[in-house]
Amino acid sequence: MSIACDMLVFGGTGDLALHKLLPALYHLHRDGRLHADMRIIALARSKHGRDDYKALAERHCRVQIAKADFDPQCWQAFSARLDYFAMDASQSADFTRLKRYLGDTSARVRVYYLATAPKLFETIATYLKTAGLADPYSRIVLEKPIGHSLQSAQAINASLGCVFDESQVFRIDHYLGKETVQNLMALRFANMLLEPIWRAAHIDHVQISVCETLGIENRGDYYEHAGAMRDMVQNHLLQLLCLVAMEPPVRFDAESVRNEKVKVLEALKPITGQDVRDKTVRGQYSAGQIGNQQVAAYYFEKNVDNDSDTETFVAIEAQVENWRWAGVPFYLRTGKRLAEKTSEILIQFKPVPHALFGGGDANQLLIRLQPEERISLHMMAKNPGKGMKLEPVALDLNLATAFKQQRRWDAYERLLLDVIEGDSTLFMRRDEVEAAWRWIDPIIKGWQQHYQHPRPYPAGSNGPEQVQHLLERHGRKWMQGPTQ
Ligand code: BG6
């Protein structure tokens, strides 16, 4: 059972709160993980009453939560925790009203979850302070992206730093809450087998792909300013890269794990000048078809300019310049409206030094985060019959069937519980976010300087043609989607 606390959700009527946070909190409640006294207070501008909000929350949660998991009785008990307070987060006076509303809750943990536009982060933190709502028991949770550049991230971090100690700030990247992402750490640091070969001498290259079939889902306003680089690469993809490349931490605690991740980000070779053209590909989807669905071009989406220059696809060849990884390319790619939804990491090992049975494939380790959680090690084996004809065969670890009695937690469930318990191991530290921007900024600047417009790719494809070239010029190819 976790500790008694109040969770205040700014942006309480938004998609994140209704589609992710409340369903996650409902599951935690159902599993008996929340303290009996915990309150969840949604904050937003609309003039709802408490009961209207509960009805709104129920409507959304009934859609988001699997039918078998939605128990009306349990929902009643859960909704007794819910409350709503109408306020405008850009008005200082509303924070004074909020303080009066909350009453004397000194020495009670208070979690402020900012499910709002990033432009409100600094204002909210400042007004929490002036209203006397920030104390040593408070925690603040921020959604990515933190800022849109190094400078803006530094400004946000500095403002937060004036109100909260770094140990009270939880910068969320929901990829770190995914089961298989944590399994990546277990795989690397709890098995002796891989460590000796987890290095440049044995690994040819690494691919990290997060491919989506979804578009921007009515988030044109946000996405036009973010693009795939800020929405996905700066955070989710770089976090995955860190977990693959980091050195074993001394302990599994917030400081040790994050120290190692920062070292990886600092070792990323800057991509500037001509390298921006040679080592990156930007794309934007045009009209196409995904399954039976006809999809319009990105620039027809709501709140998107019809001559928009925003990328919905990015591929990058990155290098981690340290002893372990010198010379090993890390290929990153992510895009919207692609042929299939998959998130996977491929570790491509080098071929054996002497090909006794003729040429052939080399070992691969495939870590699939989505759609299913699976780790497969492709080993070379002999095809039955005469002759030494070899084929790769997968040693498969299907995590969903291996632990089939256990419910699969959503990333937000785990992360929300960590916030309540004050464990920031799976959250991004200030220097980590800034190191990521330090590497991303010159690439974005390079695109602007060279007028590198996004290349069109049809919705339902694997991205722009040029993305193949990124690997093919070195005799490599991208992994082939979920049926592989
Ligand atoms: C979010 C991005 O952080 O991650 C979205 O803002 C993206 O654009 C989503 O669709 C992908 O998350 P997941 O868990 O579905 O892979």
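Among Ile375, Ile347, which is touching a residue at least 60 places away in the same chain (Cβ under 8 Å) and over 18 Å from Arg476 (Cβ atoms)?
So the residue among Ile375, Ile347 that is touching a residue at least 60 places away in the same chain (Cβ under 8 Å) and over 18 Å from Arg476 (Cβ atoms) is Ile375.
Can you find a residue in segment 403-412 that is at pLDDT below 90 and more than 27 Å from the chain's Cα centre (by Cα)?
No, segment 403-412 has no match at all.
When you check Ala44 against the structure, is it under 26 Å from the mean Cα position of the chain (by Cα) and open to solvent by less than 80 Å² (accessible area, probe 1.4 Å), yes or no?
yes
Would you be able to say whether some residue in segment 100-115 is open to solvent by 40 Å² or more (accessible area, probe 1.4 Å), farther than 29 Å from Ala226 by Cβ and part of a helix (DSSP H, G or I)?
Yes: one or more hits.
I need a count of the residues in segment 294-333 that are buried (at least 16 other Cβ atoms within 10 Å of the Cβ), of a type in the set (Asp, Glu) and part of a loop (DSSP other than H, G, I, E, B).
3
Name every residue in segment 409-424 that is surrounded by 14 or more Cβ atoms within 10 Å (Cβ to Cβ), more than 16 Å from the ligand (Cβ to nearest atom) and of a type in the set (D, E, K, R), in order of residue number.
Hits for segment 409-424 are Asp418, Asp423.
What are the residues in segment 174-188 that are open to solvent by 40 Å² or more (accessible area, probe 1.4 Å) and either assigned to a loop (DSSP other than H, G, I, E, B) or free of Cβ contacts under 8 Å to residues at least 60 places away in the same chain (or both), if any?
Ala186 - this is the single residue of segment 174-188 that is open to solvent by 40 Å² or more (accessible area, probe 1.4 Å) and either assigned to a loop (DSSP other than H, G, I, E, B) or free of Cβ contacts under 8 Å to residues at least 60 places away in the same chain (or both).
Cβ contacts < 7 Å: first residue within 14 Å of Met428 (Cα to Cα) and of a type in the set (D, E, K, R), restricted to segment 145-168; second residue open to solvent by 60 Å² or more (accessible area, probe 1.4 Å) and in a helix (DSSP H, G or I), any location; separation 6+ or different chain. Result?
Glu166/Arg430
Among residues belonging to segment 444-484 that are out of contact with any strand residue (DSSP E or B) (no Cβ under 7 Å at 6 or more places or on another chain) and of a type in the set (Lys, Arg), point out the one that is surrounded by the most Cβ atoms within 10 Å (Cβ to Cβ).
Among those that are out of contact with any strand residue (DSSP E or B) (no Cβ under 7 Å at 6 or more places or on another chain) and of a type in the set (Lys, Arg), it is Lys445.
Among the residues of segment 36-52, which ones are within 17 Å of Tyr101 (Cα to Cα) and touching a Phe, Trp or Tyr at 6+ places or on another chain (Cβ under 8 Å)?
Within segment 36-52, Ile41, Ala42, Leu43, Ala44, His48, Gly49, Arg50 qualify.
Could you name every one of the helices (runs of 4 or more DSSP H) located completely within segment 392-484 that has at least 2 residues being among the small types (Gly, Ala, Ser)?
399-402, 430-449
Of everything in segment 247-293, what is part of a strand (DSSP E or B) and more than 19 Å from Ala228 (Cβ to Cβ)? Give them in sequence order.
Selection gives Gln289, Gln293.
Provide a single number: the residues in segment 192-226 that are within 11 Å of the ligand (Cβ to nearest atom), open to solvent by 10 Å² or more (accessible area, probe 1.4 Å) and within 22 Å of Ile290 (Cα to Cα).
Total satisfying the criteria: 6.
Against the condition open to solvent by less than 10 Å² (accessible area, probe 1.4 Å), touching a residue at least 60 places away in the same chain (Cβ under 8 Å), in a helix (DSSP H, G or I) and under 30 Å from Ala24 (Cα atoms), how does Leu237 come out, does it pass?
The answer is yes for Leu237.
Kindly indicate the residue of segment 154-173 that is outside any loop (DSSP other than H, G, I, E, B) and within 16 Å of the ligand (Cβ to nearest atom) and also surrounded by the most Cβ atoms within 10 Å (Cβ to Cβ) among those meeting that condition.
Selected residue: Ile172.
With Ala24, Ala17, Ala42 as the choices, which residue is of a type in the set (A, V, I, L, M) and outside any helix (DSSP H, G or I)?
One residue alone meets the criteria, Ala42.
When you look at Phe164, is it among the hydrophobic types (A, V, I, L, M, F, W, C) and within 30 Å of Glu372 (Cβ to Cβ), yes or no?
No: the conditions fail for Phe164.
Regarding Asp441, is this residue among the charged types (D, E, K, R), open to solvent by 50 Å² or more (accessible area, probe 1.4 Å) and away from the ligand (no atom under 16 Å from the Cβ)?
Spelling it out, it is not the case that Asp441 is among the charged types (D, E, K, R), open to solvent by 50 Å² or more (accessible area, probe 1.4 Å) and away from the ligand (no atom under 16 Å from the Cβ).
Can you find a residue that is more than 21 Å from Ala459 (Cβ to Cβ) and either away from the ligand (no atom under 16 Å from the Cβ) or in contact (Cβ under 8 Å) with a residue 60 or more places away in the chain (or both) anywhere in segment 279-294?
Yes, that holds for at least one residue.
If only one of Gln370, Gln406 is within 16 Å of the ligand (Cβ to nearest atom) and not aromatic (Phe, Trp, Tyr), which one is it?
The match here is Gln370.
The values are calculated or read from the model by the stated rules, or taken from the named source; none is laboratory data. Bear in mind that the values here come from a model prediction, so they are computed numbers and not experimental data. Cβ coordinates were reconstructed from backbone atoms using ideal geometry, including for glycine residues, and neighbour counts include every protein chain displayed. For the accessible areas, the whole protein counts, side chains as well, though only heavy atoms, and no ligand, DNA or RNA atoms are used. Shrake-Rupley method; radii C 1.70, N 1.55, O 1.52, S 1.80 Å.
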